[in-house]
Amino acid sequence: MHKHVEWDDPGRDSVMALYANDPEDYVEPHPGSIISAHYQGVTVRVRVEAFVNNDTSIGEVVALINPRTGERKKIHGKLTLGDMVRLPDDRRALDRRNPDAEGNS
């Protein structure tokens, strides 16, 4: 069973927006890929086990990271390392570290 997650809107960090003008450069996630999303302000990394319906990855939560400090967590909100989740492509996000250092806030 997959845990239902209300992923944050990726906003300017959207993977799909990045490839909107160059869709031929986009590569679908495949088993073993590590993809990222945001959940309650934390970066979540997911190891893909399957890609279904041409728009959703199913995989295991392998990291929960505070993007400002780099601190790794075992639990954040309802998510725990090892949880199986569904991650729609439109919620995938670039993995930005310390956004303030890049002039992003």
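Residue by residue, here is whether (1) of a type outside the set (Asp, Glu); (2) at pLDDT 95 or above; (3) surrounded by fewer than 17 Cβ atoms within 10 Å (Cβ to Cβ) holds:
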| position | (1), (2), (3) |
| --- | --- |
| Val52 | yes, no, yes |
| Ser57 | yes, yes, no |
| Val62 | yes, yes, yes |
| Thr69 | yes, no, yes |
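Could you grab me the full set of residues in the range 54-65 that are in contact with a Lys or Arg (Cβ under 7 Å, 6 or more places away or on another chain) and not charged (D, E, K, R)?
The answer is Thr56, Ile58, Gly59, Val62, Ala63, Leu64, Ile65.
Could you list, in sequence order, all residues of the range 17-50 that are touching a strand residue (DSSP E or B) at 6+ places or on another chain (Cβ under 9 Å), among the hydrophobic types (A, V, I, L, M, F, W, C) and surrounded by 11 or more Cβ atoms within 10 Å (Cβ to Cβ)?
The answer is Ile34, Ile35, Ala37, Val42, Val44, Val46, Val48, Ala50.
Pairs please, first residue from the range 45-66 and in contact (Cβ under 8 Å) with a residue 40 or more places away in the chain and among the charged types (D, E, K, R), second anywhere and part of a loop (DSSP other than H, G, I, E, B) and buried (at least 17 other Cβ atoms within 10 Å of the Cβ), Cβ atoms under 9 Å, 6+ apart in sequence or on different chains.
From the range 45-66, the pairs are Arg45/Asp95.
The values are calculated or read from the model by the stated rules, or taken from the named source; none is laboratory data. Treat the numbers as computed from the prediction; the structure is a model and nothing was measured. FYI the Cβ positions are ideal-geometry reconstructions off the backbone, even for glycines, and counts take in every protein chain you see.
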